[in-house]
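Q: Submitted below is the structure of interest, expressed as structure tokens.
The values are calculated or read from the model by the stated rules, or taken from the named source; none is laboratory data. What you are looking at is a predicted structure, and each value in this text was computed from that prediction instead of being measured. Here the Cβ positions follow ideal geometry from the backbone for every residue, glycine too, while neighbour counts run over all protein chains shown.
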Amino acid sequence: MLRKELGIFTFNDLLNHFPYRHIDKTQVAKIKDITPQTEFIQIAGRLGGASVQGERKGKRLTAYIEDETGAIELVWFQGINWVQKILKEGARYLVYGRVSFFIGRPQITHPEIELLDAEEARGKNFLEPVYPATI
């Protein structure tokens, strides 16, 4: 796979295989700071309610994350059963994803979500590398 899809043939190729960009997860924003120009955002907050809506192909899981400045909707269309098992209402989470607007309200679809510990309350202390994906 390394040879065929990534063009890595030698150790030197591997050492010089660099990410094509980095994601900055060092900052945690407030929900009130979201504007239509916001592309990606990382938020720390408490999980409000979570519920499954719709049936079959129109099924989706929605949840709300709240900080002291407001709330934002989180939406999943796939992997609903798995996500629903890991969500704990009232727990604090660190959420990262692309912001979109639905009926004038901000939401994050398929966010990255992880339980928040005290160390990550202000964000991570490193840039996350993004490497070319393979098929």
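Q: What strands (runs of 3 or more DSSP E), lying completely within the range 1-107, carry at least 3 residues that are closer than 30 Å to D117 by Cα and free of Cβ contacts under 8 Å to residues at least 60 places away in the same chain?
A: Hits in the range 1-107: 40-53, 60-67, 70-76, 92-102.
Q: Output the number of the condition that E128 fails; it satisfies all remaining conditions of (1) surrounded by 11 or more Cβ atoms within 10 Å (Cβ to Cβ); (2) modelled with pLDDT under 85; (3) acidic (D, E); (4) over 30 Å from K4 (Cα atoms).
A: (4)
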